[in-house]
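The values are calculated or read from the model by the stated rules, or taken from the named source; none is laboratory data. Quick caveat, the model's predicted, so the values are computed rather than measured. Neighbour counts are summed over all protein chains in view; Cβ atoms, including those assigned to glycine, are modelled from backbone coordinates with ideal geometry. Calculation scope for accessible area: heavy atoms of the full protein, side chains included, ligands and nucleic acids excluded. Shrake-Rupley method; radii C 1.70, N 1.55, O 1.52, S 1.80 Å.
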Amino acid sequence: MSVRDTYKYDFKRGNKIVHSGITIDLDRREGELEQRWSEGHIVQVGRKTTDEAAREWEKSKRKA
């Protein structure tokens with residue numbers, strides 16, 4: 001059975017998505033991204049999922 005411990009997220013400034021990705025620690029990742037894009041915030045996309053499913057989602061976002 002696969003563990004659902006991975007978050008999918010969009011990092012937004014205002015209403016604009018400036019980055020999408022995956023992480024197991026949303027708070028840590030938000031802090032890292034705020035160093036690059038000030039005044040932004042993370043929005044969780046869906047529920048926690050498996051690492052494999054999250055990586056597939058991330059790949060699909062890059063193609064778009």
Could you state the accessible area per residue of the stretch 1-42 in Å², with a 1.4 Å probe and every protein chain left in place? 70
Output row, site residue 62, 7 Å Cα→C-beta label point, backbone N cut-off 18 Å, window the stretch 18-34, residues 18-24
Sticking with the crude label model, points 7 Å out along Cα→Cβ, report the distance from residue 47 to residue 5 in nm, one decimal please. 1.8
What's the angle, to the nearest 10 degrees (0 to 90), between helix 51-63's Cα axis and the longest principal axis of the chain? 50
So, for the Cα atoms of the chain, Rg and Dmax in Å stand at 11.8, 39
Phi-based couplings in Hz for the stretch 24-32 (Karplus 6.51, -1.76, 1.60; Gly and Pro marked x): 9, 9, 4, 5, 4, 5, 4, x, 5
Amide H contacts under 5 Å for residue 24, placed H, 5+ residues apart: 7
